[in-house]
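Structure first, then comments.
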Amino acid sequence: MKTQITLKISLLTLLLSCNSKQDLVIEEDAAFVAQDTMTSEQKTIIEFLPRIKDSTELISLLIKHYNLEVDYAGKEYDSITKSEIFHLSGTEKELILIEYDYGNGCMAAFPWKYQIIIEPHSGKLVFKGTFDTHQKTIINGEEYLMSTEVTGKGNGNHYLYKYSNNTLVNILNPNIDRIPSCDRYSSDEGYYPNGKLDFKIIDINSDGFEDIVFTGPRNYGTHKN
């Protein structure tokens, strides 16, 4: 059996979330990596980003200075899959997004990759994430980072991050009526054939403000995970 699910997240929801005291805050001891704790070679690596001279040296620096927990027993490889400058609304600063992927590990460590967002040259940590997917999303002319965060079985949600107070904060809770936006695990509550709902940005009620609309089929019945 298949049903169609549509979730609408309005701009009002985002505005209320922005003012919530539940905004994500990075732990204090992870908020800043001082350059004076690095060797001259490591400083050079940071200052050269987003260009990469030696990915092995960069990975070693990321793990050590940004406290990445890697499941070495299950690790398949080391790879920098992304290193780029990007911008978010809320700051005029350029930011650098680095994605480190080690391929495999225990299910508790899924998705076996990290996203590290830092300020150029200084190496100051802005945010550290473990997103399964992420993409730049523009809503009402503002730049956000939309991500999915899921368990090893594929259960989870979409999160929408904005820049605030020198870090990224999530301003979206799409788990309305206890319906997750990511679910590829078969259960009595069903699953999504594509593992997650699609989303689009559209002014669904013609009020002049764009909304986030999640939509997609939800199957019920036998499913091989």
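The values are calculated or read from the model by the stated rules, or taken from the named source; none is laboratory data. Bear in mind the structure is a predicted one, so any value in this text is a computation, not a measurement. Neighbour counts run over all protein chains shown; Cβ positions are idealised from the backbone, glycine included.
Structure values in brief
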| read-out | value |
| --- | --- |
| Leading residue by the ranking (surrounded by the fewest Cβ atoms within 10 Å (Cβ to Cβ)) among those in the range 190-222 that are touching a residue at least 40 places away in the same chain (Cβ under 8 Å) and within 13 Å of T137 (Cβ to Cβ) | I201 |
| Scope the range 33-83; condition modelled with pLDDT under 90, surrounded by 14 or more Cβ atoms within 10 Å (Cβ to Cβ) and in a loop (DSSP other than H, G, I, E, B); matching residues | V33, M38, D71, G74, K75 |
| Test: residue in the range 84-105 that is assigned to a loop (DSSP other than H, G, I, E, B), under 21 Å from K43 (Cβ atoms) and in contact with a Phe, Trp or Tyr (Cβ under 7 Å, 6 or more places away or on another chain) | no |
| Strands (runs of 3 or more DSSP E) fully within the range 133-173 counting 2 or more residues that are among the hydrophobic types (A, V, I, L, M, F, W, C) | 133-139, 142-150, 167-170 |
| Test: L49 is within 30 Å of G141 (Cα to Cα) and among the aliphatic types (A, V, I, L, M) | yes |
